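Scroll down for the structure; my scribbles are underneath it.
The values are calculated or read from the model by the stated rules, or taken from the named source; none is laboratory data. These numbers come from a predicted model, not from an experiment. Every residue, glycine among them, receives a Cβ derived from its backbone with ideal geometry; neighbour counts consider all protein chains shown. Accessible surface is based on the protein model in full, side chains and every heavy atom, while ligands, DNA and RNA are left aside. Shrake-Rupley method; radii C 1.70, N 1.55, O 1.52, S 1.80 Å.
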Amino acid sequence: SPDARYIAFVRSSQGRQSLWIRQLRGTNAIQVVGPEAVSFYGMSFAPDSSSIYYVVRGPEPLARPAGMLFQIPALGGAPRRLGTPLDHYPVVSPDGSAIASLRADYPAPAQSALVTVAADGSGMRTVMAVSPPEMLAPGFFVAPAWSPAGDRLAAVADELVRIDVG
């Protein structure tokens, strides 16, 4: 967490995942989201460490196969499904007012985009979209980054390369 007091993590067991939080100076973890048949695709604390934004992929009505944005108080409570289809790691702006993420097959099939939404999940805006052979690199370990002032975003772009073997 930004205040360096907590760490959030996902536990997987028997095809189900759950979200946990633990104080860095403590030993007992607290489950904040119970086990579900979903996959977590990234999480970020709000700048004041009061809540966690996360993306899960799973069946409706909980999520959706391509991914859905949620928010939950950091120390537990009811998760809020924000209704925003995101498929990768959500990154909260320094002032907590917006979230950035990378999306595959958006705004059209085969394209990829850097998008932002308000912290309540409303108002998705495409900041940049590219088409093959170029792609914004959405992936499990890749996320955009906000500048410290929150006025710029950085994202990794890559070129798709086809290699024929055989």
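Which residues, counting only those in the range 55-67, are of a type outside the set (D, E, K, R) and either in a loop (DSSP other than H, G, I, E, B) or open to solvent by 10 Å² or more (accessible area, probe 1.4 Å) (or both)?
Of the residues in the range 55-67, the ones of a type outside the set (D, E, K, R) are 55-56, 58-59, 61-63, 65-67.
Answer for the range 55-67, where residues must be of a type outside the set (D, E, K, R) and either in a loop (DSSP other than H, G, I, E, B) or open to solvent by 10 Å² or more (accessible area, probe 1.4 Å) (or both): 58, 59, 61, 62, 63, 65, 66, 67.
Being modelled with pLDDT of 95 or more, of a type in the set (S, T, N, Q) and more than 26 Å from residue 127 (Cα to Cα) is true for just one of 71, 17. Which residue is that?
Numbers: 71 fails: more than 26 Å from residue 127 (Cα to Cα).
The unique qualifying residue is 17.
Evaluate the following for residue 98: is it modelled with pLDDT under 95 and either in contact with a strand residue (DSSP E or B) (Cβ under 7 Å, 6 or more places away or on another chain) or more than 16 Å from residue 47 (Cβ to Cβ) (or both)?
Values: modelled with pLDDT under 95: no; either in contact with a strand residue (DSSP E or B) (Cβ under 7 Å, 6 or more places away or on another chain) or more than 16 Å from residue 47 (Cβ to Cβ) (or both): yes.
For residue 98, the condition - modelled with pLDDT under 95 and either in contact with a strand residue (DSSP E or B) (Cβ under 7 Å, 6 or more places away or on another chain) or more than 16 Å from residue 47 (Cβ to Cβ) (or both) - is not met.
Do the conditions hold for residue 89, that is, is it assigned to a strand (DSSP E or B) and under 22 Å from residue 22 (Cβ atoms)?
Numbers: assigned to a strand (DSSP E or B): no; under 22 Å from residue 22 (Cβ atoms): yes.
Spelling it out, it is not the case that residue 89 is assigned to a strand (DSSP E or B) and under 22 Å from residue 22 (Cβ atoms).
Looking at 54, 41, which is the one that is free of Cβ contacts under 8 Å to residues at least 60 places away in the same chain and either under 20 Å from residue 89 (Cβ atoms) or of a type in the set (Val, Ile, Thr) (or both)? Step through it out loud before you land on a result.
Working: 41 fails: free of Cβ contacts under 8 Å to residues at least 60 places away in the same chain.
Matching residue, one of 54, 41: 54.
Hey, residue 33 hits all of (1) in contact (Cβ under 8 Å) with a residue 24 or more places away in the chain; (2) more than 14 Å from the chain's Cα centre (by Cα); (3) surrounded by fewer than 20 Cβ atoms within 10 Å (Cβ to Cβ) but one; which does it fall short on?
Exception for residue 33: condition (3).
Considering only the range 1-50, state which residues are assigned to a loop (DSSP other than H, G, I, E, B), in contact with a Phe, Trp or Tyr (Cβ under 8 Å, 6 or more places away or on another chain) and under 21 Å from residue 96 (Cα atoms). Walk me through it before giving the result.
Within the range 1-50, the subset assigned to a loop (DSSP other than H, G, I, E, B) is 1-5, 14-15, 24-28, 37-38, 46-50.
Subset that is in contact with a Phe, Trp or Tyr (Cβ under 8 Å, 6 or more places away or on another chain): 1-2, 24, 46, 49.
Matches in the range 1-50: 1, 2, 46, 49.
For the range 3-30, name all the residues that are among the β-branched types (Val, Ile, Thr), touching a residue at least 24 places away in the same chain (Cβ under 8 Å) and more than 23 Å from residue 144 (Cβ to Cβ). Reasoning before the result, please.
Narrowing the range 3-30 to residues among the β-branched types (Val, Ile, Thr): 7, 10, 21, 27, 30.
Applying the additional criterion that residues be touching a residue at least 24 places away in the same chain (Cβ under 8 Å) yields 10, 21, 30.
Across the range 3-30, the qualifying residues are 21, 30.
If you take the residues in the range 68-83 that are in a loop (DSSP other than H, G, I, E, B) and closer than 14 Å to residue 44 by Cβ, which one is least open to solvent (accessible area, probe 1.4 Å)?
That would be 74.
Take the conditions without any contact (Cβ under 8 Å) to a residue 60 or more places away in the chain, open to solvent by less than 60 Å² (accessible area, probe 1.4 Å), under 14 Å from residue 158 (Cβ atoms) and aliphatic (A, V, I, L, M) and apply them to residue 114. Does it pass?
Numbers: without any contact (Cβ under 8 Å) to a residue 60 or more places away in the chain: yes; open to solvent by less than 60 Å² (accessible area, probe 1.4 Å): yes; under 14 Å from residue 158 (Cβ atoms): yes; aliphatic (A, V, I, L, M): yes.
In short, yes.
Suppose we filter the range 131-166 for residues that are open to solvent by 80 Å² or more (accessible area, probe 1.4 Å), modelled with pLDDT of 85 or more and part of a loop (DSSP other than H, G, I, E, B); how many remain?
Residues flagged as open to solvent by 80 Å² or more (accessible area, probe 1.4 Å), modelled with pLDDT of 85 or more and part of a loop (DSSP other than H, G, I, E, B) within the range 131-166 amount to 4.
Could you identify the single residue in 12, 50 that is small (Gly, Ala, Ser), surrounded by fewer than 18 Cβ atoms within 10 Å (Cβ to Cβ) and touching a Pro at 6+ places or on another chain (Cβ under 7 Å)? Steps first, please.
Numbers: 12 fails: touching a Pro at 6+ places or on another chain (Cβ under 7 Å).
When all the criteria are applied, what remains is 50.
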